[in-house]
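Novice: First the structure, then my questions, so here it is.
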Amino acid sequence: MIASITWAAPIGLDVGPLFIRFYQLLFLASFIIGHWLIQRIFQKENIPEKLLDSLLMTMVGATIVGARLGHVFFYDWQYYQHHIAEIFMPWKGGLASHGAAIAIVVALLWFTKKYLRPLNKSFFWLIDRVVITVALAACLIRVGNFTNSEIYGQPGNSSVETVFLRPVLTYFDNFFEASIADAQFASNGQSLVKDGLTLPGYTLSLTPSDRLLQLDEASLQSSMQHLIDAKLAPLLNNMREDNQNLIIPEGVQVMAVPGDGGISRYEVATFGIPRFPSQLFEAAGYLVVFLLLLLFYRRGQAKREGLLFGLFLVGIFGLRIAIEFIKANQKAFEANMELNMGQWLSIPLVVIGVGLIFRSFNHSKS
């Protein structure tokens, strides 16, 4: 049997009274590193460094606003048209890279007109350099998606198959806090073949809350069995395939594990849904695009205006089209589409990128 990678790590860390997600740290790191790279470029090309702060604020604003509006209008307008106020609450929903890409282009057009025309620098001069940092940011953000256990791949057995158990642990925090004090998973070496897919086995260990521990052993056993049969199993087993990470076999028995002074925990046999870690595939591809763009810049290819921007569009969104074929759908409506929303939005950007590449060579000849 192929060994599965189990991902159940925390999604962040506590810093005093705050809980900071690793995704947020990686998002912040992308701007810090990007600022440093652009600073080096500005120094090399004698651009006043006083423009850096304005450029950073422009990029931050465009990225957050564009990514949020992209998610709202491209993926979830049916919901947000009835919850307008939540559009301005990005922590209560998603972000979309296509929206960020469009907003960044618009913002840099404005920035060029306001700050760079007096320096005789064009929009393509600026965006050819900025996309180097954006490619790195895309890489870091996809790693952040992995730490969040989101935007993962379709179910499938492979040498890198990954079972994302963190979302299941989050369910206990959100829905079963009154009954369960702690939940942990441990691989048990078992497996189950379901619909041609080999599911790795896990023992789910549950520690009852102090309230339940006040019950006698028979009542406690009955309460834990009821929680599994009537609440947890229906929740996990009836999920949409794109969101399902664990199943509990029908009729499974909850087993009491004795501890000092009585029953300390209960164990349940479960099976994980192995998936492609598509976030890491995408992150690796974006890292290659970043390194290639940086190499082309250092070798003087930025003299061909629009070339690096074109390569960025083809590389980033070409990869997006390819990887979407093994990625789980983000929304239910995509299940009936030949190509999903991410692919349809990426196709015109790749076409524009190809056009910019040809344009850059034709202009250099003339």
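Novice: Write out, first by first residue and then by second, each pair whose Cβ atoms fall under 8 Å of each other, whose residues are 6+ apart or on separate chains, and whose first residue, in region 21-49, is within 16 Å of Phe146 (Cα to Cα) while the second is of a type in the set (D, E, K, R) and surrounded by fewer than 17 Cβ atoms within 10 Å (Cβ to Cβ).
Specialist: Listed pairs, sorted by first residue: none to list.
Novice: Let me ask you something else. If you check Ser360, Ser346, which single one turns out to be of a type in the set (S, T, N, Q) and either within 21 Å of Cys139 (Cα to Cα) or assigned to a loop (DSSP other than H, G, I, E, B) (or both)?
Specialist: Details: Ser360 fails: either within 21 Å of Cys139 (Cα to Cα) or assigned to a loop (DSSP other than H, G, I, E, B) (or both).
So the residue among Ser360, Ser346 that is of a type in the set (S, T, N, Q) and either within 21 Å of Cys139 (Cα to Cα) or assigned to a loop (DSSP other than H, G, I, E, B) (or both) is Ser346.
Novice: Here's a follow-up. Output the residues belonging to region 300-317 that are at negative phi and assigned to a loop (DSSP other than H, G, I, E, B). So that I can check it myself, show each step before the final result.
Specialist: Step one: filter region 300-317 for residues at negative phi, giving 301-305, 307-317.
Within region 300-317, Arg304, Glu305 meet the criteria.
Novice: Taking Ser187 and the conditions (1) in a strand (DSSP E or B); (2) of a type in the set (Ser, Thr, Tyr); (3) assigned by TED's automatic domain parsing to the domain that holds Phe290, which numbered condition does it fall short on, given that it satisfies the others?
Specialist: Failing condition for Ser187: (3).
Novice: Further question on the same structure: Please enumerate the residues belonging to region 50-85 that are without any contact (Cβ under 8 Å) to a residue 24 or more places away in the chain and among the basic types (Lys, Arg).
Specialist: Lys50
Novice: Report yes if Ser278 is within 15 Å of the chain's Cα centre (by Cα), within 19 Å of Ala96 (Cα to Cα) and of a type in the set (Ser, Thr, Tyr), otherwise no.
Specialist: yes
Novice: Tally up the residues in region 318-338 that are touching a residue at least 40 places away in the same chain (Cβ under 8 Å), touching a Gly at 6+ places or on another chain (Cβ under 9 Å) and in a helix (DSSP H, G or I), please.
Specialist: Going through region 318-338 one residue at a time, the tally reaches 3.
Novice: Of all residues in region 88-105 being farther than 18 Å from Ala138 by Cβ and in a helix (DSSP H, G or I), which is modelled with the highest pLDDT?
Specialist: Out of the qualifying residues, it is Phe88.
Novice: Here's something else I'd like to know. Please find, within region 142-167, the residue that is surrounded by the most Cβ atoms within 10 Å (Cβ to Cβ) out of those that are modelled with pLDDT under 95 and of a type in the set (Val, Ile, Thr).
Specialist: Ile151
Novice: Give the number of residues within region 190-222 that are hydroxyl-bearing (Ser, Thr, Tyr) and either in a strand (DSSP E or B) or surrounded by 16 or more Cβ atoms within 10 Å (Cβ to Cβ) (or both). First the steps, then the outcome.
Specialist: Kept after step one, since they are hydroxyl-bearing (Ser, Thr, Tyr), are these residues of region 190-222: 191, 198, 202-203, 205, 207, 209, 219, 222.
Restricting the remaining residues to those that are either in a strand (DSSP E or B) or surrounded by 16 or more Cβ atoms within 10 Å (Cβ to Cβ) (or both) gives 191, 198, 202-203, 205, 207.
The qualifying residues number 6.
Novice: For residues in region 223-241 being crowded, with 17+ Cβ neighbours inside 10 Å and not small (Gly, Ala, Ser), which is farthest from Glu177 (Cα to Cα)?
Specialist: Leu236
The values are calculated or read from the model by the stated rules, or taken from the named source; none is laboratory data. Being a predicted model, the structure only gives us computed values, none of them experimental. As a convention, Cβ positions derive from the backbone with ideal geometry for all residues, glycine included, and neighbour counts pool all protein chains shown.
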